[in-house]
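Reading through the structure tokens given below for one structure.
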Amino acid sequence: MTRRHMLLLGPLLLFLAAAYLIPFMGVMRWSVTLPEPGLHQYRAALTDPLVQSVMWRTVRICAMVTVITVAAAYMLALIWVRSGRVARLLIELCILIPFWISVLTRAFGWLALLSNRGLVNTWLQQLGIIDWPLVMVRNEFGVVVGMVHFLIPFAVFPIATAMRNVDERVLMAARSMGASRARIFWQIFVPMTRPGILGAMLLVFVFSLGFFITPALLGGGRSVMVAELIYLRLFQAPNWGLAAAMSVILMVGVGVLIALMLRQLGERTAR
């Protein structure tokens, strides 16, 4: 990187430091000074049964959301990249339109669809498929549905980019040697798009760790995730030191995850 590049990046790095690093240092200071100096808040965060259960629930929900989102995004990206013009236009609309709708509006929309008196339960009862409403909100199912719906567009872009970079000559060579479409897809195409899959998994998992509005509305307080617990410890049951400690632990975990994923991507690129 030349000196000219460093001069161009300098203002951006200063802005990022002012916007993210300095506030994070303040959060770290809270975690070791409130209500009194020491590391007891980290000890509480790592040993408190409530905090531990919320942490594990967050990891479990985020893992489920990541798997479902990336699988759905892979199918959408495949249609988007390798289908005809009409199908591509339809997929583009399905990807772009959600960006124009706020996360709060989408969460209330899912409430209207999945609640006991929502459209889905009403239709199923009118068709005679069910006798009693299905419980699809105020639980983990509703949280996962809402998060997957929000995150799919973010996962489509890195996967689609990887698909566009696939060398068509490799696929043609495999086809000319008699390989079936299924074998070409699973043994050649999917491995060649692995960087996009890993990038999408990282993006979705990191985003889902910080979700607040969707779990709060669709979970109804019964599927509390770590971001909501931090909010509760800040404003409803004030314990700023514990909230800061949980925030630091979450940030460190995200940093470790990003480092491991970047290492995997680097090893994949070097091969």
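None of the figures in this text is laboratory data; all of them are computed from the coordinates on show. Since we're looking at a predicted model, the values are computed, not measured. No Cβ is skipped: glycine too gets one built from the backbone with ideal geometry, and neighbour counts run over all protein chains shown.
Data table
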item: For the chain: relative contact order, % (alpha-carbon pairs under 8 angstrom, 6 or more apart); result: 28
item: Förster radius 35 Å - calculated FRET efficiency between ALA18 and MET75, Cβ distance, rounded to 0.05; result: 0.25
item: Debye equation applied to the C-alpha atoms of the stretch 1-110, log10 I(q)/I(0) at 0.14 Å⁻¹; result: -1.03
item: Full-stretch length increase - VAL170, ARG60 - with 0.36 nm per residue and alpha-carbon distance subtracted; result: 35.8 nm
item: Spacing of the two label points (7 Å from each Cα toward its C-beta) at VAL135 and THR161, in nm; result: 4.2
item: Shape call, the stretch 144-187: gyration tensor on alpha carbons, a/c limit 1.5; result: oblate
item: Potential lengthening between LEU8 and ASP48 on full extension [0.36 nm per residue; Cα-Cα distance subtracted]; result: 9.8 nm
item: Pairwise FRET efficiency - GLN125 versus TRP186, Cβ, R0 = 41 Å, nearest 0.05; result: 0.50
item: Against the rule of thumb 2.2 N^0.38 Å, how large the Cα Rg of the chain comes out; result: 1.22
item: Dimensions (Å) - the stretch 178-271, Cα atoms, principal axes, largest first; result: 65, 30, 13
item: Area projected by the alpha carbon convex hull of the stretch 7-61, averaged over all directions, nm²; result: 5.8
